[in-house]
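The values are calculated or read from the model by the stated rules, or taken from the named source; none is laboratory data. From a predicted model like this one, the values you see are computed outputs, not experimental measurements. Every residue, glycine among them, receives a Cβ derived from its backbone with ideal geometry; neighbour counts consider all protein chains shown. Ligands, DNA and RNA are excluded from the accessible area calculation, which covers all protein heavy atoms including side chains. Shrake-Rupley method; radii C 1.70, N 1.55, O 1.52, S 1.80 Å.
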Amino acid sequence: MNGPDPLGAVRAAVFDGPGSVSVEELELEAPRAREVLVRLGASGVCHSDLHVVDGEWPRPSPVVMGHEGAGVVEAVGEGVRGVEVGDHVVLSWFYACGRCAHCLAGRAWACSGTRAGQCVMDDGTTRFRRPGSGEDVFTYLAVGSMAERSVVPEAAAIPVPREVPWDVAALIGCAVTTGVGAVVNTAQVEAGASIVVVGCGGVGLSVVMGAALVGANPIVAVDVSEEKLALAQEVGATHAVRSTEEAAGLVVGGADYAFEAIGLVETVEAVPSLLRSGGVGVLVGLTAAGVRASFDVYAFVDAGKTLVGSIYGGAVPALDFPRIAELYLAGKLPLDRLVSHRIGLDEVEEAFAAMRRRERARSVVVFA
Ligand SMILES: NC(=O)c1ccc[n+]([C@@H]2O[C@H](COP(=O)([O-])OP(=O)(O)OC[C@H]3O[C@@H](n4cnc5c(N)ncnc54)[C@H](O)[C@@H]3O)[C@@H](O)[C@H]2O)c1
Ligand SMILES: [Zn+2]
Ligand SMILES: [Zn+2]
């Protein structure tokens, strides 16, 4: 290992049972082989954190929350070759082995060769502990970005240009890659295609930006919040409406593509009805675990429609993060428009409450 001694107290937002998070001081162990110590610059507050906090997804606890982060590499463990001390990195909440059939086929998000998703390091152990008791504290999706510092697998730390501000870099780690990637990678939307985007939070607004980037037209944004609809229009939506019924009225004959970016049964079930014959519905929003949805199968098959799930924007983070960062720097993706609230770690709970009320595009914790 090289770099400064990482041992010491780290403030972190910890989830320890449904309902809330609390900011605690934890001990952080030095990175082991193929791991990296990162000092966080910023961490976004994503609905996929809130699903856990609200008890909708089972996850081990206590766990340091946050999976949408960016920071600077402070130390590297043995055998790390991909990043160096001082690199600015965006953290990936799904790290892949790079060797399996999925990885070789460009489906990094489907890799089963690591412990990605299990909230531990790849050797199955944790680096955070509660002082005194010595209790292990898990790392949400092996990122744990709601902490001043975190240890992550080397494969989860993707270098990006230093010019990207921390708040924007953090959002590339989830919302932006999820939304832009759903358009560019999963659906491969062509210029001139008509699009409906249902839900305009951090993820849905990123779908709108991706759609504008590839020249989709029209781009119909749907949300129940006036604030989100106004923002959607500022970042590329040609129309902004309050319901899927209104959206259906605007794309006569149906849209070429419809994206669901909320994770609500009623809006998921509305997707097929938004599509023209042969249209493609892209499900991006995530429900509570185990939730089912239904639709008219005959009408769906008879009209030759497609439904596809899009996880992490179908991205290969090591390729897509730097590419998205360059598009931002070139002025082609107005990612800073997503950052509606810059907050401190102590205000995470408030940010979750605002998200439950469907307020704020994105709250981003900015570290000193
Ligand atoms: N597929 C993936 O890889 C992936 C990655 C990240 C997040 N997600 C999921 O995407 C979803 C969105 O995440 P987010 O962080 O943008 O959430 P968010 O809470 O910021 O955004 C949700 C938006 O939906 C709107 N909304 C709620 N109910 C509505 C309704 N009935 N009709 C219209 N609009 C409505 C809200 O006003 C809000 O703007 C979540 O389920 C999250 O877990 C999926
Ligand atoms: Zn997320
Ligand atoms: Zn793999």
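Just to verify a result, which residue in the range 289-340, among those that are hydroxyl-bearing (S, T, Y) and assigned to a helix (DSSP H, G or I), is nearest to A255 (Cα to Cα)?
Quick first cut of the range 289-340, residues hydroxyl-bearing (S, T, Y) only: 294, 298, 306, 310, 312, 328, 340.
Now drop any that are not assigned to a helix (DSSP H, G or I), which leaves 298, 312, 328.
Details: Y298: 19, Y312: 23, Y328: 28 Å.
The qualifying residue nearest to A255 (Cα to Cα) is Y298.
Is it the case that the range 90-102 has a residue that's surrounded by fewer than 22 Cβ atoms within 10 Å (Cβ to Cβ), without any contact (Cβ under 8 Å) to a residue 40 or more places away in the chain and touching a helix residue (DSSP H, G or I) at 6+ places or on another chain (Cβ under 8 Å)?
Yes, there is a match, as at least one residue in the range 90-102 is surrounded by fewer than 22 Cβ atoms within 10 Å (Cβ to Cβ), without any contact (Cβ under 8 Å) to a residue 40 or more places away in the chain and touching a helix residue (DSSP H, G or I) at 6+ places or on another chain (Cβ under 8 Å).
Can you spot a residue in the range 241-260 that is within 16 Å of ligand 2 (Cβ to nearest atom), among the polar types (S, T, N, Q) and more than 23 Å from I324 (Cβ to Cβ)?
Residues of the range 241-260 within 16 Å of ligand 2 (Cβ to nearest atom): 259-260.
With among the polar types (S, T, N, Q) added as a condition, the list becomes none.
No: the range 241-260 contains no residue that is within 16 Å of ligand 2 (Cβ to nearest atom), among the polar types (S, T, N, Q) and more than 23 Å from I324 (Cβ to Cβ).
Out of curiosity, is A156 touching a residue at least 40 places away in the same chain (Cβ under 8 Å), within 16 Å of ligand 3 (Cβ to nearest atom) and either open to solvent by 10 Å² or more (accessible area, probe 1.4 Å) or among the aliphatic types (A, V, I, L, M) (or both)? Walk me through it before giving the result.
Details: touching a residue at least 40 places away in the same chain (Cβ under 8 Å): yes; within 16 Å of ligand 3 (Cβ to nearest atom): yes; either open to solvent by 10 Å² or more (accessible area, probe 1.4 Å) or among the aliphatic types (A, V, I, L, M) (or both): yes.
Yes: the conditions hold for A156.
Looking at this structure, is G113 crowded, with 18+ Cβ neighbours inside 10 Å and closer than 15 Å to E154 by Cβ? Explain how you work it out, then say what you get.
Numbers: crowded, with 18+ Cβ neighbours inside 10 Å: no; closer than 15 Å to E154 by Cβ: yes.
Answer is no for this residue.
Go over the candidates V151, V137, V164, V176 one by one and state the one that is modelled with pLDDT of 95 or more and either assigned to a loop (DSSP other than H, G, I, E, B) or within 16 Å of ligand 3 (Cβ to nearest atom) (or both). So that I can check it myself, show each step before the final result.
Working: V151 fails: either assigned to a loop (DSSP other than H, G, I, E, B) or within 16 Å of ligand 3 (Cβ to nearest atom) (or both); V137 fails: either assigned to a loop (DSSP other than H, G, I, E, B) or within 16 Å of ligand 3 (Cβ to nearest atom) (or both); V176 fails: either assigned to a loop (DSSP other than H, G, I, E, B) or within 16 Å of ligand 3 (Cβ to nearest atom) (or both).
Checking each option against the conditions leaves just V164.
Criterion first (out of contact with any Pro (no Cβ under 7 Å at 6 or more places or on another chain) and not basic (K, R)) does A270 satisfy it? Quick ask: steps written out before the conclusion?
On the way: out of contact with any Pro (no Cβ under 7 Å at 6 or more places or on another chain): yes; not basic (K, R): yes.
The answer is yes for A270.
Being over 30 Å from R81 (Cα atoms) and more than 11 Å from ligand 1 (Cβ to nearest atom) narrows it down to one of S243, S273, S225, S310, so name that one.
Details: S243 fails: more than 11 Å from ligand 1 (Cβ to nearest atom); S225 fails: more than 11 Å from ligand 1 (Cβ to nearest atom); S310 fails: more than 11 Å from ligand 1 (Cβ to nearest atom).
Checking each option against the conditions leaves just S273.
How many residues, within the range 223-239, are touching a residue at least 24 places away in the same chain (Cβ under 8 Å) and farther than 14 Å from A211 by Cα? Break it down stepwise before answering.
Quick first cut of the range 223-239, residues touching a residue at least 24 places away in the same chain (Cβ under 8 Å) only: 223-225, 227-229, 231-232, 234-237.
Filter once more, so that each one left must be farther than 14 Å from A211 by Cα: 223-225, 227-229, 231.
Residues meeting the conditions: 7.
Read through the list (1) buried (at least 24 other Cβ atoms within 10 Å of the Cβ); (2) out of contact with any Lys or Arg (no Cβ under 7 Å at 6 or more places or on another chain), then give the number of the only condition that P218 fails.
(1)
For the range 262-284, enumerate the residues that are within 16 Å of ligand 2 (Cβ to nearest atom), open to solvent by 20 Å² or more (accessible area, probe 1.4 Å) and assigned to a loop (DSSP other than H, G, I, E, B). Explain how you work it out, then say what you get.
We begin by selecting, within the range 262-284, every residue within 16 Å of ligand 2 (Cβ to nearest atom); these are 262-263, 283-284.
Pick out the ones that are also open to solvent by 20 Å² or more (accessible area, probe 1.4 Å) and you get 262, 283.
I262 - this is the single residue of the range 262-284 that is within 16 Å of ligand 2 (Cβ to nearest atom), open to solvent by 20 Å² or more (accessible area, probe 1.4 Å) and assigned to a loop (DSSP other than H, G, I, E, B).
Among (1) within 30 Å of E29 (Cβ to Cβ); (2) within 16 Å of ligand 2 (Cβ to nearest atom); (3) among the hydrophobic types (A, V, I, L, M, F, W, C); (4) in contact with a helix residue (DSSP H, G or I) (Cβ under 8 Å, 6 or more places away or on another chain), which single condition is A170 missing?
Result: A170 fails condition (4) only.
Pairs, please: C-beta under 9 Å, at least 6 apart or cross-chain, first residue touching a residue at least 40 places away in the same chain (Cβ under 8 Å) and closer than 27 Å to R276 by Cα and in the range 303-327, second within 14 Å of ligand 3 (Cβ to nearest atom) and not in a helix (DSSP H, G or I)?
I311/F94; Y312/S92; Y312/F94; G314/G106; G314/R107; A315/S92; A315/F94
Output the residue which, of all residues in the range 239-261 that are open to solvent by 70 Å² or more (accessible area, probe 1.4 Å) and assigned to a helix (DSSP H, G or I), is nearest to V184 (Cα to Cα).
Looking at the filtered set, the residue picked out is L250.
Just to be sure I understand, how many residues within the range 168-185 are over 12 Å from the mean Cα position of the chain (by Cα) and either surrounded by fewer than 24 Cβ atoms within 10 Å (Cβ to Cβ) or over 19 Å from V268 (Cβ atoms) (or both)? Show your work before the answer.
Narrowing the range 168-185 to residues over 12 Å from the mean Cα position of the chain (by Cα): 168, 183-185.
Checking the rest, the ones that are also either surrounded by fewer than 24 Cβ atoms within 10 Å (Cβ to Cβ) or over 19 Å from V268 (Cβ atoms) (or both) come to 168, 184-185.
Of the residues in that region, 3 qualify.
I'm trying to understand the selection: among the residues of the range 108-134, which are in a loop (DSSP other than H, G, I, E, B) and within 16 Å of ligand 2 (Cβ to nearest atom)?
Narrowing the range 108-134 to residues in a loop (DSSP other than H, G, I, E, B): 111-127, 130-134.
A116, G117, C119 - these are the residues of the range 108-134 that are in a loop (DSSP other than H, G, I, E, B) and within 16 Å of ligand 2 (Cβ to nearest atom).
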